[in-house]
Amino acid sequence: MHIPDGLMDPLVAGLGWAEFAVVAALAIYLSGRRVRDKDLPRIAVLCAGVFVAQMLNFPVGGGTTGHLIGGALLAIMVGPVVAIVGMTVVLLVQALMFGDGGLTAFGLNAVNMAVIAPLIGWGVYSLLKPLLSRGSAPAGKAFTAGEAIAIGAGAWASVFVAAAACAAELAVSYAVSGGAYGIAATVSVPAMLAYHAVIGVGEAIITVGIAAYVLMVSPEMFKARDAEVATPPSIRGAFSSRVAQATAAIIVAFALALPLYFVYSSEGADGLEKTMDDAAVPEGEPLLASPFSYGETYFAALFAGILGFVAVALAGLGLMKVLGAREKAG
Amino acid sequence: MIVAHVRGHHTRPEELDEHARASWLGALDARAKIVGVVVFVVATALLTSTGLVIASLLISVCFAAMSQVPYRHLARMYLGALPFILIASFSVFLFSGAERGLDMWARTSSCVVALLVLASGTETFELFHGLRRLRVPRLVSTLLMLTYRYILLLGDELERMRTARRARGFRGGRGLLDSRGLRVISYTAGMVFVRAVARAEDGYEALRARGFRSDMRLMRAPPLRAADLAFMAWFACISTVLVGLQLGAVV
């Protein structure tokens, strides 16, 4: 998933750098408040551990292999903010020492693997853990089956969403440059998503395995598992709960991917609308007019996305509560 | 001796410093090399005219040839990046034609070769010091230095565990349904993390004993010399000419 130089359209690469600069500045500021000098070697050694763990290729089947990204694992171990800085360092070593990923494309690589992957991994894990994991781990086990599912889901989502962002960047580069840069969406999207959906399964299994081993042998390494992100006093009230922080992490990842939509969005009809047009079927009046739209500007679309995310999350939460209540009654 | 294997990059990190010491590039200030190569890479990434992209690739290849970094070493590292370059070039070839596909291959290759020469022609810690002197935040530069140090240690550790696994008959697993294989790989990675943290405390105490106080300090921080300025000016001129010609070609 490491994008080399010269592959991306300069506009898209510049957008990636701009996004990364803002997020990295914030992450370094927040980490600087939280990380003491004494913690630096421990964080560095975990970053080195992620780098080395990436060298371990796992079999995917059919003679192909994949490798760990480690964004979700690092975020679960040290928290999402420090994980952003840590994964940035891992990517810098890869780019500067091994030519793995370019400099002009570093912003995009960092947004995908150092920002989106840890935020999505940590966000999904933090939202699912309280829903799926109740009580303490059974004797001889590192964690409950529910927490294992939450860790695995976080790891899978981190790889899949990062790959989706990478595929979208390639497709948008191709579209805005008229074919001079990037890879056509018809190739990049199915190839990246299909391959990384499978790679994500490997990432999930390996991440759960590493977490299980580390928790059994050295549980103090998972200091941040139950900790919340250190926030400045000015925003502490609004983001003090873990669920609010996890929600914010997922929304930040969404907000970072959204500009691509505005760089290249089509005015054309979607598949159903096109079919209806071709068949000359008129669109009838809606029975219920929604007060919201997807928005024409960045902030309107962001608001619509947040609203949709919260609505789906609340619906999911309600469903889990109902199922939980029925299970107890049964 | 560590053999780092990063997605096909077979390299021995300490060899990188050997090449830097053997090359005239090693004598230049790291800041000059970083700025010069970054300017060239950014300019190359902007090129779309076939002639200019090929010219940029030729400049990169000449830079590599003059750098005195062994070509086998560069070729081995380039091969690691080649699959992604070829996929992108082939995709562009299919959808936009042969010329655009060739442009993509030449443009990405030019950038990758220039970066590999920078990495191979600079001692690792010089590179990190250069970044720090270019105002990269203290937290990032310190973590970079410590992380690289630990990568060398943990790479050795991983190599020993691989040998031990092979000696016990493990051959890498058969696929995602091979639970035993995946458990072995997970536990190997987990063990790397546990051993890593066990070393962190010792490493920190050793650093403190040598005077480390949360930031890298240079024994000497010489200013840029004429050779460094000439190196930057050379890349700035080439980049300006390439971008100027590109803009002229577009207009």
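The values are calculated or read from the model by the stated rules, or taken from the named source; none is laboratory data. Computed from a prediction, not measured in an experiment: that's the story for all the values here. Here the Cβ positions follow ideal geometry from the backbone for every residue, glycine too, while neighbour counts run over all protein chains shown. These area figures cover heavy atoms from the full protein model, side chains too; ligands, DNA and RNA do not enter into them. Shrake-Rupley method; radii C 1.70, N 1.55, O 1.52, S 1.80 Å.
Quick look at the numbers
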| read-out | value |
| --- | --- |
| Neighbours by Cβ (under 8 Å, 6+ apart or cross-chain): first from the range A:96-118, acidic (D, E); second outside any helix (DSSP H, G or I) and open to solvent by less than 10 Å² (accessible area, probe 1.4 Å) | A:D100/B:V6; A:D100/B:H9 |
| Pick from the range B:66-93, criterion of a type outside the set (F, W, Y) and at the interface with chain A (Cβ under 8 Å from one of its Cβ atoms), ranking: nearest to A:Y174 (Cα to Cα) | B:V92 |
| Elements of type helices (runs of 4 or more DSSP H) in the range A:79-157, at least 1 residues being closer than 30 Å to B:I85 by Cβ, of a type in the set (A, V, I, L, M) and open to solvent by 10 Å² or more (accessible area, probe 1.4 Å) | A:80-98, A:117-132 |
| Residue match in the range A:29-44 (condition: on the phi < 0 side of the Ramachandran plot, open to solvent by 40 Å² or more (accessible area, probe 1.4 Å), modelled with pLDDT of 90 or more and not charged (D, E, K, R)) | yes |
| Residues located in the range A:168-187, provided they are surrounded by 24 or more Cβ atoms within 10 Å (Cβ to Cβ) and assigned to a helix (DSSP H, G or I) | A:E169, A:L170, A:V172, A:S173, A:Y174 |
| Residues of the range B:54-84 that turn out to be β-branched (V, I, T) and under 16 Å from the mean Cα position of the chain (by Cα), as a count | 1 |
| Residue among B:T122, B:T108 that alone is within 12 Å of another protein chain (Cβ to nearest Cβ), outside any helix (DSSP H, G or I) and open to solvent by less than 40 Å² (accessible area, probe 1.4 Å) | B:T122 |
| Number of the condition not met by A:F292 [criteria: (1) surrounded by 10 or more Cβ atoms within 10 Å (Cβ to Cβ); (2) at pLDDT 70 or above] | (2) |
| Long-range neighbours under 6 Å by Cβ, at least six apart or interchain, first residue closer than 19 Å to B:I185 by Cα within the range A:193-209, second open to solvent by 20 Å² or more (accessible area, probe 1.4 Å) and aliphatic (A, V, I, L, M) | A:V198/A:V60; A:V201/B:L176; A:G202/B:L176; A:V208/A:A148 |
| Cβ pairs under 8 Å, 6+ apart, first in the range B:177-198 and in a helix (DSSP H, G or I), second at pLDDT below 75 and open to solvent by 40 Å² or more (accessible area, probe 1.4 Å) | B:G181/B:R174 |
| Residue identified as modelled with pLDDT under 80, facing another protein chain (nearest Cβ under 9 Å) and open to solvent by less than 20 Å² (accessible area, probe 1.4 Å) among B:L182, B:L177 | B:L182 |
| Residue list for the range B:94-104, restricted to those being more than 9 Å from every other protein chain (Cβ to nearest Cβ) and open to solvent by 70 Å² or more (accessible area, probe 1.4 Å) | B:E99, B:L102 |
| Residue check, A:G102 within 9 Å of another protein chain (Cβ to nearest Cβ), of a type outside the set (D, E) and farther than 19 Å from A:E220 by Cβ | yes |
| Which listed residue is surrounded by fewer than 19 Cβ atoms within 10 Å (Cβ to Cβ) and modelled with pLDDT of 75 or more, from B:R225, B:R213, B:R220 | B:R225 |
| Residue that is modelled with the lowest pLDDT, among those in the range B:13-29 that are open to solvent by less than 20 Å² (accessible area, probe 1.4 Å) and in a helix (DSSP H, G or I) | B:P13 |
| Test result for B:T163, β-branched (V, I, T) and surrounded by 23 or more Cβ atoms within 10 Å (Cβ to Cβ) | no |
| Failed condition for A:P138, given (1) under 11 Å from the mean Cα position of the chain (by Cα); (2) without any contact (Cβ under 8 Å) to a residue 12 or more places away in the chain | (1) |
| Residue within the range B:58-79 that is within 21 Å of A:S188 (Cα to Cα) and surrounded by fewer than 19 Cβ atoms within 10 Å (Cβ to Cβ) present | no |
| Conditions (1) open to solvent by less than 50 Å² (accessible area, probe 1.4 Å); (2) over 30 Å from B:S186 (Cα atoms); (3) of a type outside the set (K, R); (4) more than 10 Å from chain A (Cβ to nearest Cβ); number of the one not met by B:F170 | (2) |
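Yes/no matrix, rows are residues, columns are (1) more than 7 Å from chain B (Cβ to nearest Cβ); (2) touching a strand residue (DSSP E or B) at 6+ places or on another chain (Cβ under 9 Å); (3) polar (S, T, N, Q); (4) part of a helix (DSSP H, G or I):
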{"position": "A:G14", "(1), (2), (3), (4)": "yes, no, no, yes"}
{"position": "A:P41", "(1), (2), (3), (4)": "no, no, no, yes"}
{"position": "A:F51", "(1), (2), (3), (4)": "no, yes, no, yes"}
{"position": "A:G66", "(1), (2), (3), (4)": "yes, yes, no, no"}
